[in-house]
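Each remark here refers to the structure printed beneath this line.
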Amino acid sequence: MIQQITGHTVLCGLLGSPVSHSISPMMHNEAFAQLGLDYAYLAFDVDTDNLKTAVEGLRTLGVRGFNVTMPDKNMMTKLVDKLTPAAQLTGAVNTVINDNGVLTGHTTDGIGYMLAAKDAGYDLTGKKMTLLGAGGAATSILVQAALDGLSEIHVFNIKDQFFGRTEILTDKLNNQTSCKVVLHDLKDTDALNESILNSDILTNGTSVGMAPNTENCIIKDPSVFRPELIVSDVIYNPKETLLLKMAKKAGCPTFNGMYMLLYQGAEAFKLWTGKEMPIDIIKEKFFS
C-alpha cells in the first residue's frame, strides 16, 4: 500500500541507537495506511550525546510524537515537560506525545510485555519472576508485573547507576502493591540460581545478546533451566537469542520481544492518533 506524503502529513518517529534494525517504521506506517491516516513514521539514530538537541528539534518542528529506545529511555525523563505516573515511577520513557510544544513522557513497555505474555498463552497472575536488568525496559516490566498481580519478583542488576534508583522503587512497590520485590547484585550467582529455581518465569530485560553481539548471555550455567520454567527475552533481533536457545534446548517454553514490541507500539499508536492499531493485520504482516 503506497502512502502519499502531503503538506498535512503528521510526523512520528523513533529515537535510539542503533535503530536501523527496527521494524517500528514498517509497523506504524502500515497501520497509518490501513486506517487512512495522513501520518508518517521515521527512525532516527540518536544517542544520548545528541538526544537533547534532537528532542528540541522535534518539538520545534511540531512532530506529533515519538518512541524512544535504548540507550535514550532514562535520559528522556529529563527532557520532557511532564511525566505520567508510571513513567515517573519507572524513571524511563519510551513514548512521547507533543501537544502544541508540550512534551509528555509515557512508558508502554510494561503493558506491552504483559500483553505479549498473555498472547503467548501465559497468565502470570500469582507467579514468581526472576528479572534480569534494571534499565528502562526492565523497570517498566517490573512495575507493570507488580501492578498486574505477580506474587514475587527478584531483580538482578549490576551495581550501576540504576541500582540505587531501583532500591527506592523496590521499597515503593513493596509498600504499594501486594507483590514482594527483592533487588540483588547480579554478581551473586548463588542467589540468582536459587531465584531461577524457585521462579515460574525468567525474563531478560537487558540488551545483552542483542545484535550484533549475539554470542553474549547473562546466564552462563545451562543447568538452571528446567522444562517448567518459562524463559522470555525483550530482545527481538535476533529472534532467538543465546538465552532462548539455551532454554529451548533444556525444554523450556520461550518467547521473545517481538510481541512486546507490537503491543507497546499499539499503545503508543493510540496515544498519538486516538485510534486502535489494527493488531491482527500488523501481526500477520510483520510478526508471523
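Axis angle, to the nearest 10 degrees, between helix 109-119 and the longest C-alpha principal axis of the chain: 70 degrees. Within the listed set Asp171, Asp49, Asp119, the residue fluctuating most in the Gaussian network model of the chain (springs between alpha-carbon atoms under 10 angstrom) is Asp49.
Mind running the shape call on region 1-63? Use the C-alpha gyration tensor, a ≥ b ≥ c as the square roots of the eigenvalues: rounded below 1.5 for a/c, prolate if a/b tops b/c, oblate otherwise. Note, shape of region 1-63 comes out oblate.
When the trypsin sites (Lys or Arg not before Pro) in region 115-191 are filtered for DSSP coil states and for at most 15 other beta-carbon atoms within 10 Å of their beta-carbon, the remaining sites are Lys159, Lys187. Over every Cα atom in region 107-204, the radius of gyration and the widest Cα-Cα span, Dmax, amount to 12.3, 35 Å.
Taking the protein heavy atoms of region 125-234 in the context of the full set of protein chains, the accessible area attributed to carbon and sulfur is 49 percent at 1.4 Å. Rolling a 1.4 Å probe over the heavy atoms of the protein chains gives the chain an accessible area of 45 Å² per residue. Using 1/(1 + (r/R0)^6) with R0 = 41 angstrom and r between the beta carbons of Thr125 and Ala211, what's the FRET efficiency to the nearest 0.05? That gives a FRET efficiency of 0.80.
Can you tell which of Ser17, Ser140, Ser223 shows the greatest fluctuation in a Gaussian network model of the chain with Cα springs below 10 Å? Greatest mean-square fluctuation among the candidates belongs to Ser223. Measuring r between the beta carbons of Lys270 and Phe44 and using R0 = 35 Å, the FRET efficiency lands at 0.95. Region 39-74 and region 130-162 have Cα centres separated by 25 Å. Full extension of the chain between Leu197 and Ser178 yields a length gain of 4.6 nm, computed as 0.36 nm times the residue separation minus the alpha carbon distance. For the chain, the longest piece that avoids every one of the GluC sites (Glu not before Pro) found in DSSP loops with at most 13 other C-beta atoms within 10 Å covers 1-214.
The values are calculated or read from the model by the stated rules, or taken from the named source; none is laboratory data. For clarity, every value in this text was computed on a predicted model and none was experimentally measured. Here the Cβ is made from the backbone with ideal geometry for all residues, glycine too, and neighbour counts use every protein chain on show. Surface areas here come from the heavy atoms of the whole protein model, side chains and all, with no ligands, DNA or RNA. Shrake-Rupley method; radii C 1.70, N 1.55, O 1.52, S 1.80 Å.
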